[in-house]
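Participant: Next up is a structure, given as structure tokens.
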Amino acid sequence: MTELVDLTAVAQQEAFRSGEVSARELLDAHVRRIDQRNPELNAIVALDPSHAFERAEAQDAALARGDQLGPLAGLVTAHKDLTDTIDFPTTYGSPIFADHRPVADSLMVARMKAAGALAVGKTNTPEFGAGSHTHNPVHGITRNPWQPERSAGGSSGGAAVGLATGMLALADGSDAGGSLRNPAGWNNIVGFRSSSRLVPSVGPGNAFLPYGIEGPMARTVDDLLLLLEVLAAPDPRDPLHRTVDCQSARQPVERPLRVAYSSSLGGLPVEADVSAVIATVPEWLTSMGWEVVDAEPDMGGVDERFETIRAWYYANGPLGALGERLSEAKAVLGDEVARGRALSAADVWQAQSHLTVLWRRAVEFFTDIDLLVAPVSQVSPFPVEWEYPTEVAGCTMGRYLEWMRSCSRVTMFGLPALSLPAGFTDAGLPVGVQVVGAPLGDAQLLRAARAMESARPQHHHRPPA
């Protein structure tokens, strides 16, 4: 018999609204699963379900009265430890902020709370979100539920593990170089990096820099749309906010699509176990009646520009403002800030200008292409003791960023991209396919991902208990 927590979020919501199960019962079931799985995997930190229990009982009473409930009522979540929360500490994974208690919720948290989501804590992240392996000196390592000696990915690693194991029904995350996509691929769930910025951002910093974004994670595309519809409401404080029609995204694909297949996104090294799974994707798509061609956009200059903009952002953003306290954080962060401070104005101008070049390349590429499919990650989950893989398919990785260029290259084009479960390696580890949409093609991308998921459903595969 399927347990409550193993139902999709949509199914949990339907059961709650029909009166088949109460919000309190849903919350109790998730807390039991957290008690079972979290001590080993360490996905959820700052665990405190007391506020959630109060809200669940209020929601049950409201439903009994016939009151209108928010679209996420009854659904259990936890917020990434990079996003501010009143109800829980927010450490950003750093000892510098080990005792930090925000005075206000972030916009994303406030929207989920207002929509009725029941938050039980925070999800673990690397220190300041740097790197795609979730570990930090405050909360420790988050482990992959398929093989706990392996990495869960990052930086939204805790969120991905919480979803994969049924500890959470929905989760939020963020993504600059792959932080929604990499952990989704490594945990057999869905992570969506939208066009900049479908989910508005109103925090401090440069509102005109289309770099890091926030977004939803879920076990299925329909679950993801349930959360996206809440998160993507307009806010005039974000000058780059874009809209998406989530109802349109739920419609069937109207015609056979023409899909570009890239096994390496411009010649990147990819480990053989990942390549073997990604190589099955063209057959998957042709079985749906779609046309598949070998093609990819011109990747020239993309890596250098990504690393320049990232270093510039680190040097002039919150990290750079830490001053001498930055020495208390992990070394790669200080290195990144130093790289950013060594940049000239001309370096930054060239990198920013290249974003325009990449956007126009993408527009041209997608003139007769509907989607691009490629690997999410260049490696499968590596041992938790590693900081990052120093070699991929025989090629040396000089810096902690290089092994995730399969995601950061897509980031730089400004394209919507979604990690969709694609299968498993021979060792039993999940592999995601990165499905990339045309410029501003979020709704079509989501429709296509729903169709692909229906043709090869993977979400019923769950980690071993």
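Participant: Please verify whether the range 66-78 includes one or more residues that are at pLDDT 95 or above, under 27 Å from Gln147 (Cα atoms), surrounded by fewer than 23 Cβ atoms within 10 Å (Cβ to Cβ) and not basic (Lys, Arg).
Facilitator: No: zero hits.
Participant: Restricting to the range 213-226, name every residue that is under 24 Å from Pro239 (Cα atoms) and either within 11 Å of the chain's Cα centre (by Cα) or assigned to a strand (DSSP E or B) (or both).
Facilitator: Selection gives Ile213, Glu214, Gly215, Pro216.
Participant: For the range 92-116, which positions are of a type outside the set (Ser, Thr, Tyr), part of a loop (DSSP other than H, G, I, E, B) and in contact with a Pro (Cβ under 9 Å, 6 or more places away or on another chain)?
Facilitator: Gly93, Ala98, Asp99, His100, Arg101, Pro102, Ala115, Gly116 - these are the residues of the range 92-116 that are of a type outside the set (Ser, Thr, Tyr), part of a loop (DSSP other than H, G, I, E, B) and in contact with a Pro (Cβ under 9 Å, 6 or more places away or on another chain).
Participant: Turning to a different aspect of this structure: From the list Arg181, Arg111, Arg150, exactly one residue is open to solvent by less than 10 Å² (accessible area, probe 1.4 Å) and touching a residue at least 40 places away in the same chain (Cβ under 8 Å). Which is it?
Facilitator: Unique residue meeting the criteria: Arg181.
Participant: Next question. Suppose we filter Leu285, Leu225, Leu268 for residues that are crowded, with 21+ Cβ neighbours inside 10 Å and in contact with a Cys (Cβ under 7 Å, 6 or more places away or on another chain); which single one remains?
Facilitator: Of Leu285, Leu225, Leu268, the one residue that is crowded, with 21+ Cβ neighbours inside 10 Å and in contact with a Cys (Cβ under 7 Å, 6 or more places away or on another chain) is Leu225.
Participant: Please note which helices (runs of 4 or more DSSP H) are completely contained in the range 274-347 and include at least 2 residues that are over 24 Å from the mean Cα position of the chain (by Cα) and within 30 Å of Arg255 (Cα to Cα).
Facilitator: 281-286
Participant: Out of the residues in the range 359-374 meeting the condition of being outside any loop (DSSP other than H, G, I, E, B) and of a type in the set (A, V, I, L, M, F, W, C), tell me which one is farthest from Val253 (Cα to Cα).
Facilitator: Filtering the range 359-374 for residues that are outside any loop (DSSP other than H, G, I, E, B) and of a type in the set (A, V, I, L, M, F, W, C), the one farthest from Val253 (Cα to Cα) comes out as Trp359.
Participant: Could you go through the range 400-420 and let me know if any residue there is among the charged types (D, E, K, R), in contact with a Phe, Trp or Tyr (Cβ under 8 Å, 6 or more places away or on another chain) and surrounded by fewer than 19 Cβ atoms within 10 Å (Cβ to Cβ).
Facilitator: No, that holds for no residue.
Participant: Okay, next question. Is there any pair linking a residue in the range 233-260 that is under 30 Å from Phe208 (Cα atoms) to one that is of a type in the set (S, T, N, Q) and open to solvent by 60 Å² or more (accessible area, probe 1.4 Å), with Cβ under 8 Å and at least six apart or on different chains, and which?
Facilitator: Note: pairs meeting the criteria are Pro234/Thr243.
Participant: Filter the range 234-268 down to the residues that are modelled with pLDDT of 95 or more and among the hydrophobic types (A, V, I, L, M, F, W, C), then identify the one that is nearest to Gly441 (Cα to Cα).
Facilitator: Ala249
Participant: Take Pro89 and tell me if it is assigned to a loop (DSSP other than H, G, I, E, B), at negative phi, surrounded by fewer than 19 Cβ atoms within 10 Å (Cβ to Cβ) and modelled with pLDDT of 95 or more.
Facilitator: So Pro89 passes the test.
Participant: For Val138, which of the numbered conditions (1) closer than 26 Å to Met404 by Cβ; (2) in a strand (DSSP E or B) fails to hold?
Facilitator: (2)
Participant: Test each condition in (1) under 30 Å from Pro464 (Cβ atoms); (2) of a type outside the set (Asp, Glu); (3) in a loop (DSSP other than H, G, I, E, B) for Thr83 and report the one that comes out false.
Facilitator: (1)
Participant: Of the residues Glu40, Glu54, Glu25, only one is of a type in the set (Asp, Glu), part of a helix (DSSP H, G or I), touching a residue at least 24 places away in the same chain (Cβ under 8 Å) and surrounded by fewer than 17 Cβ atoms within 10 Å (Cβ to Cβ); which?
Facilitator: On the way: Glu54 fails: touching a residue at least 24 places away in the same chain (Cβ under 8 Å); Glu25 fails: touching a residue at least 24 places away in the same chain (Cβ under 8 Å).
Of the residues listed, the single one that is of a type in the set (Asp, Glu), part of a helix (DSSP H, G or I), touching a residue at least 24 places away in the same chain (Cβ under 8 Å) and surrounded by fewer than 17 Cβ atoms within 10 Å (Cβ to Cβ) is Glu40.
Results for (1) among the aliphatic types (A, V, I, L, M); (2) outside any loop (DSSP other than H, G, I, E, B); (3) surrounded by 24 or more Cβ atoms within 10 Å (Cβ to Cβ), shown as yes or no for each residue.
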| residue | (1), (2), (3) |
| --- | --- |
| Gly423 | no, yes, no |
| Ala427 | yes, no, no |
| Gly432 | no, yes, yes |
| Val435 | yes, yes, yes |
| Ala451 | yes, yes, no |
| Gln458 | no, no, no |
| His461 | no, no, no |
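The values are calculated or read from the model by the stated rules, or taken from the named source; none is laboratory data. Quick caveat, the model's predicted, so the values are computed rather than measured. No Cβ is skipped: glycine too gets one built from the backbone with ideal geometry, and neighbour counts run over all protein chains shown. To get the accessible areas, we keep the full protein, side chains included, count just its heavy atoms, and leave off ligands, DNA and RNA. Shrake-Rupley method; radii C 1.70, N 1.55, O 1.52, S 1.80 Å.
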